[in-house]
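> Next up is a structure, given as structure tokens.
No lab work stands behind these numbers, since they all come straight from the coordinates. Just so you know, these numbers come straight off a predicted model, no measurement behind them. A quick note on method: Cβ atoms are made from the backbone with ideal geometry, for glycine too, and the neighbour counts reach across all protein chains shown.
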Amino acid sequence: MTDAQARLEAWSKQLAAFVAQTDEAAQRLIVQLVEEALLTATRARLQALVDGLPVHRDRILELFASVGITPDSSSADELPATPESILSYYSLIHRDWSWAPEVDEVTPSVEAIAKIVPKDFRLGRTLVLGAGTARLAWDLGHRLPGAEEIVAVDINPLPFLVTERLMRGETLQLFELAGHPRKSTFGCKDLAVAASRPPPPGLRLVLADGLAPPVVPGGFDTVITPWFVDQVPSNAATLPPMIRRVLRAGGSWINHGPFVYPKSTKAAHRYCADEFLELIDQAGFRRTALSYESVPFLASPASSQGRTEWVLTVHTRMLDVANAVSREPAWLGPGSAVAVPLLDGLSTYVAPHPAIAAVAKLIDGERTVTDVTRALVEAGDIADDGTAEVAVRGCLKVLWQALGNA
Ligand SMILES: C[S@@+](CC[C@H](N)C(=O)[O-])C[C@H]1O[C@@H](n2cnc3c(N)ncnc32)[C@H](O)[C@@H]1O
């Protein structure tokens with residue numbers, strides 16, 4: 001990671017926030033235990049949490065301490081009210097390594113992928129982006145043939161700290177703290193976290209940014225993005241070009257996951273499955289097979305709640321550069337020196353938006369995208385905030401497609 005030191009410091013602060021929040025939660029429960037008239041089962045449920053939370057805290061601290069990360073409470077006053085939690089994705093640890101055989105949400109994912117890969121498919125050198133606990137990578141390494149190396153990349157340390165222990169053959173004990181327990185005895189479950197078989201040969205855990213993976217260009221035969229494209233990039237359209245860089249020509253990109261976005265993703269980037277498939281096509285990937293099915297998600301056996309998500313599983317092959325369909329003309333490329341041509345139908349074109357109309361008016365067969373942008377900025381029609389040219393290219397693309405060029 002380019003910002004490794006800053007991340008280490010942030011994790012230490014997040015760990016301090018986790019300790020403070022856990023201790024506060026235990027204190028609140030103690031107060032409720034003495035203040036209220038309680039059912040026996042209710043008292044037992046609260047008492048289990050009062051007893052379990054400090055153990056939970058210490059187990060998490062021990063995992064981090066084993067790699068030298070300790071809580072930094074030096075600036076406790078500065079901690080934001082809702083700090084990004086070091087326990088984000090904690091529930092995946094139990095889903096991946098504790099719930100089966102009662103609930104197994106991993107095997108259906110493995111089988112969905114196995115079903116859509118070509119008959120002669122081999123994993124080869126494989127990169128898994130946003131791998132979480134790497135359980136899917138682990139199982140795919142056993143289920144699909146030809147794994148040479150499986151590099152599981154994630155930016156979040158806790159799941160990897162757990163999986164690293166499992167790779168060494170250890171079993172851990174970790175609490176599942178169901179927010180909505182199905183039974184009063186399920187609120188604080190001490191679960192064994194264990195792998196039922198050894199890791200596949202070549203599995204490696206790499207803590208890194210999956211949006212800029214530190215890998216050799218063209219070095220992978222397969223890239224897998226499980227539950228990644230909607231959650232991680234702010235705009236999934238930026239992913240295909242990045243994946244093109246890391247895959248060898250003819251390599252496979254397998255996507256598996258839903259289209260359920262964080263609040264921060266803007267509407268224009270909340271691609272549905274069909275839009276995402278179009279993005280893949282445009283970026284020079286050829287789809288060979290896909291499925292789109294609804295599956296249970298995080299339906300813990302301890303919880304009275306679980307989700308259903310529609311999951312797209314698609315296998316694509318990266319076309320080599322010579323065969324890649326570059327649908328966009330050179331003049332639309334970023335910073336292109338080629339003038340925007342006087343497109344057929346331009347004189348009678350009715351723009352659907354004033355911004356597009358303003359752009360269309362400036363097409364004279366000589367101006368480039370940069371020239372059009374400059375003219376709009378000078379006229380005060382568009383803000384010069386560093387994104388003006390992107391906006392103009394967007395307008396030109398709409399116009400170009402509307403004139404029958406898509
Ligand atoms: C929805 S979870 C999916 C986890 C896993 N793929 C699975 O199928 O269970 C998204 C994962 O992406 C990881 N993540 C978030 N931002 C990331 C980034 N910039 N680079 C790599 N991983 C990231 C999170 O830590 C989390 O493990």
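> Rank Leu319, Leu123, Leu343 by mean-square fluctuation in a GNM of the chain with C-alpha springs under 10 angstrom and give only the top-ranked residue.
Leu343
> Additional query: With a point put 7 Å past each Cα toward its Cβ, work out how far Asp371 is from Ser291 in nm, to one decimal.
According to this spin-label approximation, the distance is 5.4 nm.
> Pick from Asn255, Asn156, Asn235: which is most flexible by mean-square fluctuation in a GNM of the chain where alpha carbon atoms under 10 Å apart are linked?
Comparing Asn255, Asn156, Asn235 in the GNM, the peak value goes to Asn235.
> What ranking do 13-25, 47-59 get when scored by the average of other Cβ atoms within 10 Å per residue, highest first?
Most protected by this proxy first, the peptides run 13-25, 47-59.
> Anyone know which of Tyr89, Tyr349, Tyr292 comes out most mobile in the 10 Å Cα GNM of the chain?
Result: Tyr349 has the largest fluctuation of those listed.
> Where nothing but the Cβ of Lys and Arg (+1) and of Asp and Glu (-1) is charged, how large is the charge dipole of the stretch 235-335 around its Cα centre, in debye to the nearest 20?
Dipole magnitude for the stretch 235-335 comes out near 260 debye.
> I need the calculated FRET efficiency for the pair Gln305 and Ala337, taking r as the beta carbon distance and R₀ as 60 Å, to the nearest 0.05.
Plugging the Cβ-Cβ distance into 1/(1 + (r/R0)^6) gives 0.60.
> Expressed as a rounded percentage, what relative contact order does the stretch 97-239 have, with Cα pairs under 8 Å and six or more residues apart?
Dividing the mean separation by the residue count of the stretch 97-239 yields 30 percent.
> How big is the charge dipole of the chain about its Cα centre, in debye rounded to the nearest 20, if each Lys and Arg gets +1 on its Cβ and each Asp and Glu gets -1 on its Cβ?
1020 debye
> Pop a pseudo-label 7 angstrom from the Cα along the beta-carbon direction at both Glu275 and Glu378 and give the gap in nm to one decimal.
3.5 nm
> Just going by the charge dipole of the stretch 145-223, with Lys and Arg at +1 and Asp and Glu at -1 on Cβ, which of Val151, Gly179, Leu211 is farthest out on the positive end?
Gly179
> Further, regarding this structure: Could you work out the relative contact order of the stretch 204-299? I mean the mean sequence separation of Cα pairs under 8 Å and 6+ apart, divided by the number of residues, in percent.
That works out to 29 percent.
> Between beta-carbons, use under 12 Å as the cut-off and find the net charge around Asp104, counting Lys and Arg +1, Asp and Glu -1.
That works out to -3.
> Using θ = phi - 60° and the Karplus form 6.51 cos²θ - 1.76 cosθ + 1.60, what ³J(HN,Hα) does each residue of the stretch 124-131 get, whole Hz, x for Gly and Pro?
These are the phi-based 3J(HN,Hα) values: x, 7, 10, 10, 10, 9, x, 6 Hz.
> While we're looking at this one, here's another question. Whose amide H sits under 5 Å from the amide H of Ser303, counting only residues 5 or more places off or on another chain, with H placed in the peptide plane?
Under 5 Å from the amide H of Ser303: Arg182.
> Further, regarding this structure: Please list, in order, the residues from the stretch 245-280 whose amide nitrogen is less than 18 Å from a point placed 7 Å along the Cα→Cβ vector of Asp320.
From the stretch 245-280, the list is 245-253.
> Which whole-number percentage describes the relative contact order of the chain, with Cα contacts under 8 Å and a sequence gap of 6 or more?
This gives 13 percent for the chain.
> Give the long-range amide H neighbours of Leu127: residues separated by 5 or more places, or on another chain, with amide H under 5 Å away, using H modelled in the peptide plane at 1.01 Å from N.
Counting only residues 5 or more places away or on other chains, the set is Val151, Thr222, Val223, Ile224.
> Below 10 angstrom from the Cβ of Glu176, what's the summed charge of the other residues (Lys, Arg +1; Asp, Glu -1)?
Neighbour charge sum, excluding Glu176 itself: +1.
> Fewest Cβ neighbours within 10 Å first, please rank Val216, Val193 accordingly.
Fewest to most other Cβ atoms nearby, the residues stand as Val216, Val193.
> Can you list which of the DSSP-assigned H helices in the chain have a Cα extent of 30 Å or more along the long axis and an average Kyte-Doolittle score of at least -1.0?
4-35, 40-65
> Assign unit charges at the C-beta atoms only (+1 for Lys and Arg, -1 for Asp and Glu), then state the dipole size of the stretch 105-249 relative to its Cα centre in Debye, rounded to the nearest 20.
220 debye
> Something else: Could you check the simple spin-label distance between Asp104 and Lys397, using points 7 Å along Cα→Cβ, in nm with one decimal?
A separation of 4.3 nm, rounded to one decimal place.
> Based on DSSP H runs of at least 4 residues, each adding -39500 (n - 2.57), what is the mean residue ellipticity at 222 nm of the chain after dividing by all its residues, to the nearest 500 deg cm²/dmol?
Using -39500 (n - 2.57) per qualifying helix, the result is -11500 deg cm²/dmol.
> What does the charge add up to near Arg143, with Lys and Arg as +1, Asp and Glu as -1, over the other residues with Cβ less than 13 Å from its Cβ?
Computed value for this residue: +2.
> Take the Cα of Glu328, step 7 Å along the line toward its Cβ, and report every residue of the stretch 363-392 whose backbone nitrogen sits under 18 Å from that point.
368-374, 386-392
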